[in-house]
Structure formats: structure tokens, C-alpha cells
Amino acid sequence: MLSSPLRRYLLLSILLLAARWAPAQVSPPLGVWADAQGDTQIELYSCGQQLCGRIVQLRQPTDANGQPRQDVRNPNPARRTQPCLGLVVLQKLQFNATENRWDDGEIYDPDNGRTYSCYVRQLAPDRLEVKGYIGFPFVGRAQVWTRVR
């Protein structure tokens, strides 16, 4: 049988090793980000254990009639009158420690009314890779977003 000090030492050693090998918790890239063209700013925020994003600024916030832009290409006719400002365009992203990215999410493109699979990877404190795709991530379109605040 092990002595009490030896048991404490072994227990502490095991806990320290387990903590060292445990996957690091990554802070989500919360804040406001500009898309690659600088036309849209998206606020990334926590929604439960997931990462979501909504449009908070548009370079052209109004349509040709001077009215706030609406989600006119939404496949759901009941949603075509909702304003683009405040529209949730990123959702269901969950952190994948193996890939070191926010994965298995969806990105909605109000310009064409389509929803794509998506992942977000932080390249630097002020840069994100955002990729939308159909089926497999290696086929799709990636953009680098820049932190606004």
C-alpha cells in the first residue's frame, strides 16, 4: 500500500499530465468582421455553445427606392420582407479541436438566397478564413474577413 504523501504526489502528477494533454479551449472570434470586399460587416457572437453571425452594417443599406434592403431572394416567401440588417447569416458553428476551426455550420448568402455548409478558421487575431461549400470543404469558396472591432 502507498503512503499518503506518495499517493498525493502520484495523484497530483496524473492531474498535471492530464491537464497538459487536454485539448486547449479556444476563444471564439467574437466581434465585428468585414467581408473580403468590405461591403458587409458581420458580428460574430456566441449562441449557446455555438458561434453565430448577423449582418450589422452594409455598404449599401438601402435599395433603389431608398428603402432598407430586404432579403428578397430568400427561398421562403414569408421571409422576403425581413431587413438584411440584423439578418443571421452564420449559424450552427461548433469548435473542432482536431481541425482547429469552427466547423459544421451554415452560411446564408442573401445575394442569391442559398445556404451553404461552412467553417471558420482564425488565421490571426484580426483575420478569419470563412469558407462556404456544398458537400466537401475542399470544393467551395473561401474569403478572408478582417476584424473591425
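For segment 126-138, check the following and say yes or no: at least one residue is of a type in the set (Lys, Arg) and open to solvent by 30 Å² or more (accessible area, probe 1.4 Å). Within segment 126-138, one or more residues are of a type in the set (Lys, Arg) and open to solvent by 30 Å² or more (accessible area, probe 1.4 Å).
Taking segment 111-149 as the search range and keeping residues that are in contact (Cβ under 8 Å) with a residue 40 or more places away in the chain and not in a strand (DSSP E or B), which one is farthest from Pro29 (Cα to Cα)? So, considering only residues that are in contact (Cβ under 8 Å) with a residue 40 or more places away in the chain and not in a strand (DSSP E or B), the one farthest from Pro29 (Cα to Cα) is Gly113. Only one of these is open to solvent by 60 Å² or more (accessible area, probe 1.4 Å), of a type in the set (S, T, N, Q) and under 21 Å from Gly132 (Cβ atoms): Asn100, Asn74, Asn96, Asn65. Name it. Going through Asn100, Asn74, Asn96, Asn65 in turn, the sole match is Asn100.
Is it true that Val144 is of a type in the set (A, V, I, L, M), out of contact with any Phe, Trp or Tyr (no Cβ under 9 Å at 6 or more places or on another chain) and open to solvent by less than 80 Å² (accessible area, probe 1.4 Å)?
Numbers: of a type in the set (A, V, I, L, M): yes; out of contact with any Phe, Trp or Tyr (no Cβ under 9 Å at 6 or more places or on another chain): yes; open to solvent by less than 80 Å² (accessible area, probe 1.4 Å): yes.
Yes; evaluated as a whole, the condition is true for this residue.
Set side by side, the residues Ile55, Ile42 differ, and just one is within 19 Å of Val130 (Cβ to Cβ), touching a residue at least 60 places away in the same chain (Cβ under 8 Å), open to solvent by less than 60 Å² (accessible area, probe 1.4 Å) and in contact with an Asp or Glu (Cβ under 9 Å, 6 or more places away or on another chain), which is Ile42.
The values are calculated or read from the model by the stated rules, or taken from the named source; none is laboratory data. These numbers come from a predicted model, not from an experiment. Please note: Cβ atoms are built from the backbone with ideal geometry, for glycine as well, and neighbour counts cover all protein chains shown. Areas reflect the complete protein model, heavy atoms only, side chains present, ligands, DNA and RNA absent. Shrake-Rupley method; radii C 1.70, N 1.55, O 1.52, S 1.80 Å.
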